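Structure record follows, encoded as structure tokens.
Bear in mind these aren't lab numbers, they're just calculated from the coordinates by the rules spelled out. All values derive from a computational prediction rather than experimental measurement. Quick reminder, even Gly has a Cβ in these numbers, built from the backbone with ideal geometry, and neighbours come from all protein chains shown.
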Amino acid sequence: MLRGCATLVAVLGLAGLGVPQRLQTPSYLIGPCWVIHVIDGDSIEVRLPDGTRDIVRYVGIDAPDEGHPLFELTQARNTELVQGAEVWLEVEPQEGGFLRDRDGRLPSWVFAETLQTAPVQGVLVREGLAMVDVREVVDRELAAGCFPVRYADSLLEAQRQAALARRGLWGLPPFCPEADFLVAGIKHWGYVEEVYLINRGGKAIELSAGWMLMDETAHAKWVAGGESRNLIPFQGAFAGGCTLPPGGVLVIRTGPGIPESERKALQGCGTRLVILNWGRYRIWNTEGDTAYLYGPDGELICSFRYPWQGRSP
């Protein structure tokens, strides 16, 4: 199988695929491979350069499962992107071979011949046909170039674009299609976590009003009348007034990677990128969590859950 075609695997920087220099890290690339079957929105069967076949699972995203309203649409779009195409697979080496998931599939960043500047995953996320899903990230020291998060920043940006335009999944009830202010993604790994809230309405949002953001733990305590450091009260955080204009993104950063001198610091009020460095404590669980956003009137505006489809035991 894959081990048998080791001579066809090159250790390369991604410049060979047209990826910008800032993203270069040593990588194992297998290719060219040919897509012989699209299984669903995030997995394909390929023929490797030595003629053997393998099942590939797209890293970093999760597309709708069979039975979901958008399953067939996502599968069809994935087919348009890669069926019969020449692709390159970026995989993670392990001793004696390459990383496999528990189902024996080959987790890969997939680059199609016509999409060599970004993985196929980004197209599906940008069109609202998949969600960012970084799995099994337990090392808090993960660098930006590590395999499971290598392109996560670009995927999160693509997800914000999809949410702003209410594309695909973002037009369905679980993703608060009627809300103008909502959570559009969470970076839950590393020494600095980030949660992204967007204003997709037609008016500026006053952040110093009584908005509240909290995780599952804080929500359970708050509902029971208790307190938690995982609850962020906007009235205090944005005291004095701070607006987020239409199309703007609010980034709330937490974690020990924020320098002490920058904690509670706020920048960008009135611009399309407002950043709040909240504090040194981590809030978001790597294995899954839910963000709850409450409005000034105390009503739940929207919740954002990851992983969005859950994971089988």
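Observations on the model:
- Taking the number of Cβ atoms within 10 Å of each Cβ as an exposure proxy, the fewest-first ranking of Ser228, Ser43, Ser208 is Ser228, Ser208, Ser43.
- A cut-off under 15 angstrom between Cβ atoms defines the neighbours of Gly202, and their net charge, with Lys, Arg +1 and Asp, Glu -1, is +1.
- Over the chain: Rg over Rh, Cα atoms, Kirkwood Rh: 1.00
- For Gly190, the residues whose amide H sits under 5 Å from its own are Leu142, ignoring neighbours fewer than 5 places away on the same chain, with H placed 1.01 Å from N.
- For Gln83 and Glu178, the difference between the fully extended length at 0.36 nm per residue and the C-alpha to C-alpha distance is 30.7 nm.
- Here each label is just a point 7 Å from Cα along the line to Cβ, and for Ile39 and Arg272 those points are 3.9 nm apart.
- Cross-link reach is defined here as a Cα-Cα straight distance under 20 Å, omitting same-chain residues fewer than 8 places apart; for Lys264 the aspartates and glutamates meeting it are Glu193, Glu194, Glu206, Asp215, Glu227.
- Surrounding net charge for Glu260, when Lys and Arg each add one and Asp and Glu each subtract one, Cβ distance under 14 Å: +3
- Region 117-176 and region 67-102: distance between their alpha carbon centers, rounded to Å: 15 Å
- Nitroxide proxy distance, nm - points 7 Å out along Cα→Cβ at Arg167 and Lys264: 4.1 nm
- Net length available on complete extension from Val138 to Tyr281 is 49.8 nm, with 0.36 nm assigned per residue and the Cα-Cα distance removed.
- Exposed loop positions in the chain were taken to be chymotrypsin sites (Phe, Trp or Tyr not before Pro) whose DSSP state is not H, G, I, E or B and which have at most 15 other beta-carbon atoms within 10 angstrom. Between these positions, the longest stretch is 1-190.
- Near the amide H of Ser43, within less than 5 Å, lie the amide hydrogens of Tyr58, all on another chain or at least 5 residues away, with H placed in the peptide plane.
- Label-point separation, Glu66 to Glu227 (7 Å along Cα→Cβ), nm: 5.2 nm
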